[in-house]
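Please read the structure below before turning to the comments.
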Amino acid sequence: MKALQYLNKYFLKYKWRLLLGLFITVLSKLLALKIPEIIRNSVNAVEDYQTGKLTDLADVKETLLYNILFIVGVTLLGGVFTFWMRQLIIVTSRLIEFDLKNEIYQQYQKLSLNFYKKNRTGDLMNRISEDVSKVRMYFGPAIMYTVNMIVLFVVGFTQMIQIDPKLTMYTLLPFPILSVSIFYLSRQINKKTTIVQQYLSKLTTFNQEFFSGINVVKSYAIENVVIDGFDDLSDEAKEKNIDLSKIQALFFPLMVLLIGISNIIVLYVGGQQYIAGEIQIGVIAEFILYVNILTWPVAIVGWVTSIIQQAEASQQRINEFLQHVPDIENKVTHPTKIKGKIDFKNVSLTYDDTNITALKNLNFTVEKGETLAILGNTGSGKSSIVNLISRLYDTTEGTILIDNIPIKECNLNDLRNQIGFVPQDPFLFSDTIENNIKFGKEDATEEEIITAAKNAVIHDNIIEFKDGYKTILGERGVTLSGGQKQRTSIARAIIKNPEILIFDDCLSAVDTETEEKILSNLERVSKNKTTFIISHRVSSAKNADKIIVLDDGKIIQQGTHNQLITLKGYYKELYEQQLLEKEI
Ligand SMILES: Nc1ncnc2c1ncn2[C@@H]1O[C@H](COP(=O)(O)OP(=O)(O)OP(=O)(O)O)[C@@H](O)[C@H]1O
């Protein structure tokens with residue numbers, strides 16, 4: 001129950017609703033327990049008339065009529081109470097579910113990129129949906145049924161003992177067996193349900209990967225292999241489902257069997273007592289009703305216990321994420337004005353998940369408004385540099401200064417707001433092109449969107465689509481080519497008009513002519529802005545104020561284009577090679 005203590009704050013938040021709900025639950029159960037007593041009185045009245053104890057038939061009829069009216073009234077009132085009980089308790093559990101999901105979602109927003117690399121998307125989704133649903137069962141049904149059970153049992157048991165202690169003992173004899181067996185049965189059901197859910201996840205993941213990679217599957221003509229894999233997996237899932245159904249099928253028969261046994265005991269022991277003249281026949285009818293009323297709450301003890309166990313396990317999983325301290329936190333509350341000068345001082349970076357040292361003791365300065373081009377072989381650490389500037393990761397050693405202030409002392413939101421980042425592998429949302437570009441500036445006007453698109457040399461492509469800027473992208477819409485995606489992503493970054501622009505190898509999928517156009521537009525747009533251009537092409541780097549060449553996380557060359565083409569080394573070789581390719 002330790003993990004569930006985390007939720008006490010929600011109990012406090014909704015205490016009045018819950019208390020009222022519990023009060024109504026108690027009232028409705030007290031009323032329900034009146035019915036067996038009325039039945040006893042009615043049956044006894046008939047018996048008394050037959051044995052001659054009561055002689056006036058009109059009196060008996062009047063008693064029966066009152067009793068019938070009472071039962072109808074109590075049942076109707078019970079219905080109203082049950083409605084309100086569910087309204088208050090179950091609705092509260094839904095409100096808490098909503099709050100908890102929001103809390104987890106907000107935490108997800110704060111967690112750093114590293115966290116997302118270490119945890120699978122499916123797991124993140126499961127904790128916010130499946131696990132929260134299980135925790136909700138603890139707030140709603142578990143609490144409601146526990147109160148139900150306590151009231152029914154305490155009051156019902158007291159009433160029974162008062163009427164006939166001996167018959168009570170015999171009647172309740174099978175109840176502990178019922179409760180313990182349901183407990184074990186519920187545990188088995190839970191275990192098997194978890195297995196079934198795991199198979200469901202496996203099937204979903206299998207299909208998701210299959211649909212995402214449909215191009216590869218079709219071009220390699222391996223549909224049959226995929227179908228066989230799916231068949232095997234669904235066969236296993238079917239077996240597990242059958243296992244679960246078998247054990248679930250035991251639940252109700254077991255309850256009916258034990259109710260039956262209790263009823264037989266009431267009839268046998270009660271019958272003997274009646275023959276011996278110890279009780280009236282109405283008591284037997286009353287006890288049979290008690291057995292039926294009390295069986296469900298007793299059976300539910302086992303069920304509720306397993307719900308609470310599951311909720312505890314789920315809340316523990318949720319707490320792991322909720323209590324996870326983000327690696328990158330914004331500890332600065334005051335605003336930081338970002339101008340754009342950037343210094344790397346003895347910066348090293350080792351990724352803790354792979355233990356790869358991507359950057360080794362880097363030193364360089366980019367003045368505000370300057371353009372720095374970063375070149376180097378693949379895996380040399382180019383993207384790692386810009387990841388550090390956006391503070392997606394923190395340095396392992398050394399310091400980065402933004403306008404002479406250590407990056408950790410800058411307000412993270414202000415810093416990121418002043419960065420227009422075009423990643424290597426651009427991601428576009430399944431929304432209109434317009435909204436994808438506006439993502440960089442929510443309140444952008446149509447004119448601004450078009451200007452950004454023109455500067456990214458994507459405008460002409462967009463207007464060719466039937467719906468122009470309103471064209472939906474993604475699963476249900478148009479699929480853009482790699483180069484179109486890159487250019488849309490560039491438009492998204494420049495519309496933001498930030499102080500720092502980062503282009504991470506984002507012209508790799510466009511032809512050299514379009515690259516020329518974009519670069520000349522970018523030169524204009526990025527005037528007075530600090531710009532980072534990561535590329536494998538000299539053409540993208542040649543106009544930069546500074547160029548650095550990386551190899552294995554270290555700077556092996558730096559200078560301007562004119563300086564570097566005269567020096568023997570990586571840059572000159574690349575330049576000559578690409579010049580040759582152009583001529584050919
Ligand atoms: N998020 C990460 N977690 C762990 N290791 C990483 C991460 N990102 C990069 N690396 C590793 O760090 C090294 C440098 O990668 P980086 O992406 O910075 O290189 P790059 O020069 O940008 O490469 P490319 O030109 O192929 O994009 C590589 O060995 C890579 O495997």
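The values are calculated or read from the model by the stated rules, or taken from the named source; none is laboratory data. Here the structure is a predicted model, which is why all the values come from computation and not from measurement. Cβ sites come from the backbone with ideal geometry, for glycine too, and all protein chains shown count toward neighbours.
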Here are some residues: Leu401, Leu428. Which one is assigned to a loop (DSSP other than H, G, I, E, B), away from the ligand (no atom under 16 Å from the Cβ) and touching a Lys or Arg at 6+ places or on another chain (Cβ under 8 Å)?
Leu428
Being more than 30 Å from Ile265 (Cα to Cα), within 16 Å of the ligand (Cβ to nearest atom) and either in a helix (DSSP H, G or I) or not assigned by the TED database to the domain that holds Asn102 (or both) narrows it down to one residue among Tyr116, Tyr138; which is it?
Tyr116
If you scan region 500-519, which residues turn out to be closer than 14 Å to Leu372 by Cβ and either more than 16 Å from the ligand (Cβ to nearest atom) or of a type in the set (Ser, Thr, Tyr) (or both)?
Ile500, Leu501
Under 18 Å from Arg40 (Cβ atoms) and not in a helix (DSSP H, G or I), is that true of Glu278?
yes
Checking Gly79 against (1) within 21 Å of Thr158 (Cβ to Cβ); (2) within 41 Å of the chain's Cα centre (by Cα); (3) not aromatic (Phe, Trp, Tyr), only one condition comes out false. Which one?
(1)
Number of positions in region 350-375 that are of a type outside the set (A, V, I, L, M), within 14 Å of the ligand (Cβ to nearest atom) and in a loop (DSSP other than H, G, I, E, B):
5
Counted residues in region 562-584 being without any contact (Cβ under 8 Å) to a residue 60 or more places away in the chain and in contact with a helix residue (DSSP H, G or I) (Cβ under 7 Å, 6 or more places away or on another chain) come to 5
Residue satisfying condition, being of a type outside the set (Asp, Glu), over 39 Å from the mean Cα position of the chain (by Cα), away from the ligand (no atom under 16 Å from the Cβ) and farther than 30 Å from Ile555 by Cβ, within set Val298, Val325, Val304, Val283
Val283
Of the numbered conditions (1) more than 16 Å from the ligand (Cβ to nearest atom); (2) surrounded by 22 or more Cβ atoms within 10 Å (Cβ to Cβ), Ile385 satisfies every one except a single condition; which is it?
(1)
Pairs please, first residue from region 60-85 and more than 12 Å from Leu27 (Cα to Cα), second anywhere and among the basic types (Lys, Arg) and assigned to a helix (DSSP H, G or I), Cβ atoms under 9 Å, 6+ apart in sequence or on different chains.
Phe70/Lys34; Ile71/Lys34
Listed residues Ile407, Ile419; which is in contact (Cβ under 8 Å) with a residue 24 or more places away in the chain, more than 10 Å from the ligand (Cβ to nearest atom) and buried (at least 17 other Cβ atoms within 10 Å of the Cβ)?
Ile419
Condition met for Ser526 (touching a residue at least 40 places away in the same chain (Cβ under 8 Å), in contact with a helix residue (DSSP H, G or I) (Cβ under 6 Å, 6 or more places away or on another chain) and in the same structural domain as Val347 (by the TED database)):
no
